[in-house]
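Accompanying notes for the structure given below.
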Amino acid sequence: CVTDAAGLLTDDEIVKLENKAQALADEYHVGVYIVTIDDYRDVTTEGVYEATYTIYHQYTMGVGANRNGIMLLLSMDDRDYGMFVYGDAAEYAFDEYGQSRLEDVFLDNFGDDDWYGGFCDYVDECEAYLQQAADGSPVRASPALFVAIAVVIAFAICAAMTGKMKSAKKQRTANAYIAGGLKLTQSTDFFTHRTQTRRKIERDDSSSSGSHSESGGGGSGRSGKF
């Protein structure tokens, strides 16, 4: 359950984490894995998430015929991390929202180079998620959250539409309201406004912190920096 190729943990810490993770696998039939390496590019250059599920499949991780499990990978060269969830039972316990909540318990530790503390929090939180899933009430986003998001989006749309309506102005002459082939003896053009279009140029900053959801390798997960 624990492979510390980067040498972040003591032997005693590895044994304690191994015992706790193995107990979870035995009770809930979902593997809980920890892997540390020096550089994920030694596995694949595609990305840390791709390296995470490559290791998971290469070493046939997971419990049972469906190989249910969750794996946390730390790549120390550029301080990258990947999380991979595989199998129906594992994805039931750790959905996309749950994964984003789960990372909150260990990323702060890793940011302070507290490796053992972060891994302990990860394993303990996995136990809580697996227990809730076993009880039929897995960690899920509150319906009120979705309602709040919908309200904010609706308010923004209404505000934008109202802003456009306020921009309407009466014409100074009747020319704009006359259709057909009327020929005028005199016409005047009025300059009213200029339209400018700006495009934001995105800056590629691979060293920035943060994380995002991922999919691939037959499962789902997250990746980012710590």
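The values are calculated or read from the model by the stated rules, or taken from the named source; none is laboratory data. Remember, predicted model here, so these are calculated numbers, not experimental data. Note that each Cβ is placed from the backbone with ideal geometry, even for glycine, and that neighbours are counted across all protein chains shown. The protein model used for the area step is the full one, side chains on, heavy atoms only, and it has no ligands, DNA or RNA in it. Shrake-Rupley method; radii C 1.70, N 1.55, O 1.52, S 1.80 Å.
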Can you send over the solvent-accessible area of MET61, 1.4 Å probe, protein chains only, in Å² to the nearest 10? 20 Å²
Can you sort THR44, THR3 by 1.4 Å-probe accessible area, starting with the largest? THR3, THR44
At the level of C-alpha centres, the distance separating the stretch 1-52 and the stretch 72-93, in angstrom, is 9 Å
Ordering ASP112, ASP39 by the accessible surface of their heavy atoms, 1.4 Å probe, largest first, yields ASP112, ASP39
For HIS212 the rounded accessible area (nearest 10 Å², probe 1.4 Å, non-protein molecules ignored) is 100 Å²
May I ask you to rank SER215, SER100, SER137 by accessible area, largest first, using a 1.4 Å probe over the protein chains only? SER215, SER137, SER100
I'd like the chymotrypsin sites (Phe, Trp or Tyr not before Pro) in the stretch 94-125 restricted to DSSP loop residues with at most 14 other Cβ atoms within 10 Å, sorted by number. none
Roll a 1.4 Å probe over the protein heavy atoms and report the accessible area of VAL15 in Å², nearest 10. 80 Å²
Under 5 Å from the placed amide H of VAL32, counting only residues 5+ away or on other chains, we find ALA25, ILE70
